[in-house]
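The values are calculated or read from the model by the stated rules, or taken from the named source; none is laboratory data. Just so you know, these numbers come straight off a predicted model, no measurement behind them. Glycine gets a Cβ as well: all are built from the backbone with ideal geometry, and neighbour counts include every protein chain shown.
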Ligand SMILES: Cc1cc2nc3c(=O)[nH]c(=O)nc-3n(C[C@H](O)[C@H](O)[C@H](O)COP(=O)(O)OP(=O)(O)OC[C@H]3O[C@@H](n4cnc5c(N)ncnc54)[C@H](O)[C@@H]3O)c2cc1C
């Protein structure tokens, strides 16, 4: 019997397995694919805080970023730049592989082609059933890290993410592009945004998040960028996925924890889930460490995980989700006016100088932005449903 079975060999599953293995527990990762790291539909941008906290190896970083250009629906531009690097663009496949290697080096085992289709809790432990060559395995506890769209959380009675957004992306040839560009507008990505993220001197990722028809909007975005000469026309091969916007109401059960996209631990503003998922992986592994030592894997004892990650991220996710819903209601004209107001009141400069505003933590920026009278006027006198910035 293993101590812990981790379902899913994405970055969050591998991080959980790594911490558990380092603590001396027998951990095995069950991955449905034949390899780790063939996740294509991810832009792979993480903040420098994530790079430092998780000691991300330079070899998996394609480039570092200090600045970005934001375009309004009418083509107005905001240029945001800080003197220090703010984020890194990952080679996502190499990153996933590096995270898995790190876990293996710490002693975690991996079994591929093992799609878990059922989990049953018994008095003695947990039985995990795989399709393919996995068979069935038993452990003292299970961590579900099987990403967005997993059916396992429903299977064990924890439900699924209540809201999500579709994502689409293609790798393109883009010579001479060296700035990240973000595009807003109902015609580009309804309620969301599109992006061009250079990865090398010759390549870039073009993608978008959208409430509807991501394939149609991505095709349109690719064609318009090609027409502008920003990318080369070609046979683009888009990939599609989705991002949960709201966490599960409960992320633990008897002998079971849920982490990462499977739990909905994602920034609802940008859709970034790598950092929050890995932060929660550490909380999950540390909770299990104590519970395994005490031999108490009851839901009552494991609910410490639920409380701790919500204490760290709950308010961020709540405010981010509120901001997302607000943004989705704005017309293109309102977004254009926001750009004008931000520029003419030098709000962009103030936010860039503000040490509380960072790539990974958005709630303070949202509260400060919406708290500005000029901005609130554009938003139609919208009031914050939570208290001021000092309370966050
Ligand atoms: C278009 C797009 C762009 C994005 N860009 C960014 C970005 O720039 N920055 C960022 O931080 N995040 C981004 N994200 C989100 C990011 O990709 C996810 O948050 C992140 O991959 C979550 O990691 P995870 O380990 O929880 O899940 P995943 O990476 O999805 O890994 C889950 C693993 O579980 C395996 N699995 C699934 N089901 C089973 C099963 N039944 N049995 C066994 N194994 C199973 C899968 O094969 C997979 O390997 C983006 C997402 C999209 C859609």
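Being within 16 Å of residue 25 (Cβ to Cβ) and touching a residue at least 60 places away in the same chain (Cβ under 8 Å), is that true of even one residue in the range 231-253? No - not one qualifying residue is present in the range 231-253. On inspection, residue 238 qualifies as surrounded by fewer than 24 Cβ atoms within 10 Å (Cβ to Cβ), in contact with a strand residue (DSSP E or B) (Cβ under 6 Å, 6 or more places away or on another chain) and in the same structural domain as residue 216 (by TED's automatic domain parsing). Assuming residue 296 fulfils every condition listed in (1) surrounded by 23 or more Cβ atoms within 10 Å (Cβ to Cβ); (2) part of a loop (DSSP other than H, G, I, E, B) apart from one, which condition is it? Answer for residue 296: the failing condition is (1).
Name the residues in the range 58-93 that are within 14 Å of the ligand (Cβ to nearest atom) and over 17 Å from residue 360 (Cβ atoms), would you? Passing the criteria: 60, 62, 63, 91, 92, 93.
Within the range 61-114, the residues that satisfy the criterion of being part of a helix (DSSP H, G or I) and without any contact (Cβ under 8 Å) to a residue 24 or more places away in the chain are 101, 104, 105.
Among the residues of the range 209-235, those that are buried (at least 18 other Cβ atoms within 10 Å of the Cβ) and touching a helix residue (DSSP H, G or I) at 6+ places or on another chain (Cβ under 6 Å) comprise 210, 231. Filtering the range 252-262 to residues that are touching a strand residue (DSSP E or B) at 6+ places or on another chain (Cβ under 8 Å) and closer than 30 Å to residue 207 by Cα leaves 258, 259, 261, 262.
Of the residues making up the range 1-22, those that are away from the ligand (no atom under 14 Å from the Cβ) and either buried (at least 24 other Cβ atoms within 10 Å of the Cβ) or outside any helix (DSSP H, G or I) (or both) are 1, 2, 3, 4, 20, 21.
One residue stands out among those in the range 209-218 that are in a helix (DSSP H, G or I) and over 10 Å from residue 169 (Cα atoms): the one that is nearest to the ligand (Cβ to nearest atom), which is 217.
Residue-by-condition table, conditions (1) surrounded by fewer than 19 Cβ atoms within 10 Å (Cβ to Cβ); (2) under 27 Å from the mean Cα position of the chain (by Cα):
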residue	(1), (2)
94	yes, yes
97	yes, yes
105	yes, yes
110	no, yes
118	yes, yes
121	yes, no
126	no, no
138	yes, no
